Amino acid sequence: MSNSDLVNNLAVLCLASCVSMGISNYAHAQSAKEADQQPGWTVNCASGPELKNLQCLMAQEIHLRQTGQRLVRMQVNLTAETQQPFVTISLPHGVLFGQGIALQIDKGETITLPINSGDQNGSYVRQKLDKSLLDALRGGKLASLTMTTLNKQKLKVGISLAGFSKALDMVFGAEKL
């Protein structure tokens, strides 16, 4: 390994550790009231010569209070090929891949979602949304995401589901335009 490779690897490790420490200072649980105070679901649409129909996605971001740094982004859209709904959850650096993340809607069953990939911007969960999970999201008030940081701390982030159904209807409705 060359000196420049070693320096680059150390820089990445240092950055991941620093972000992980910053994450661990975030409140370990966010109540439904606190989640409702976060900005809600946004819907963004695009069209173009390669797109047959208007393509829309809905998203919500949770930011660290002290720095404004994005902690989590949850995005729902339809696959271009099959028009099936899927979720992409963007996570920060410093999250253990092998643990996946736990998703719980209100006080319902907890499911584990695998972390599929990572890049210079963080780690990602990409998961098809089946009918039962979509129904739970539509009827829920709070989606709780629990992940494990590099220093083995549990981090729990709440995402408000207020406005989820309306935003999802807009995403599904755009396909018919």
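The values are calculated or read from the model by the stated rules, or taken from the named source; none is laboratory data. Keep in mind that what you see is a predicted model, and the values were worked out from it rather than measured. Positions of Cβ are backbone-derived with ideal geometry, glycine not excepted, and every protein chain shown enters the neighbour counts.
On the stretch given as the range 108-130, residues that are closer than 16 Å to residue 159 by Cβ and either out of contact with any strand residue (DSSP E or B) (no Cβ under 9 Å at 6 or more places or on another chain) or of a type in the set (D, E, K, R) (or both) total 1. Contact annotation: residue pairs with Cβ atoms under 7 Å, 6 or more positions apart or on different chains, pairing a residue in the range 69-82 that is within 23 Å of residue 169 (Cα to Cα) with a partner that is of a type outside the set (A, V, I, L, M, F, W, C) and in a loop (DSSP other than H, G, I, E, B), are 78/84; 78/175. Considering only the range 67-107, state which residues are in contact with a strand residue (DSSP E or B) (Cβ under 6 Å, 6 or more places away or on another chain), over 20 Å from residue 138 (Cα atoms) and among the charged types (D, E, K, R). If the condition is that a residue be in contact with a strand residue (DSSP E or B) (Cβ under 6 Å, 6 or more places away or on another chain), over 20 Å from residue 138 (Cα atoms) and among the charged types (D, E, K, R), then 70 is the only one that fits.
Tallying residues that are at pLDDT 80 or above, surrounded by fewer than 13 Cβ atoms within 10 Å (Cβ to Cβ) and more than 22 Å from residue 129 (Cβ to Cβ) within the range 33-72 yields 4. Scanning the range 85-126 for residues being of a type in the set (D, E, K, R) and in contact (Cβ under 8 Å) with a residue 12 or more places away in the chain gives a total of 2. Note on the range 106-162: among residues that are crowded, with 16+ Cβ neighbours inside 10 Å and β-branched (Val, Ile, Thr), the one that is nearest to residue 41 (Cα to Cα) is 159.
Of everything in the range 75-123 that is touching a Pro at 6+ places or on another chain (Cβ under 8 Å) and part of a strand (DSSP E or B), the residue that is modelled with the lowest pLDDT is 78. Answer yes or no as to whether residue 143 is over 30 Å from residue 50 (Cβ atoms), modelled with pLDDT of 95 or more and assigned to a helix (DSSP H, G or I). Taking the combined requirement at face value, the residue does not satisfy it.
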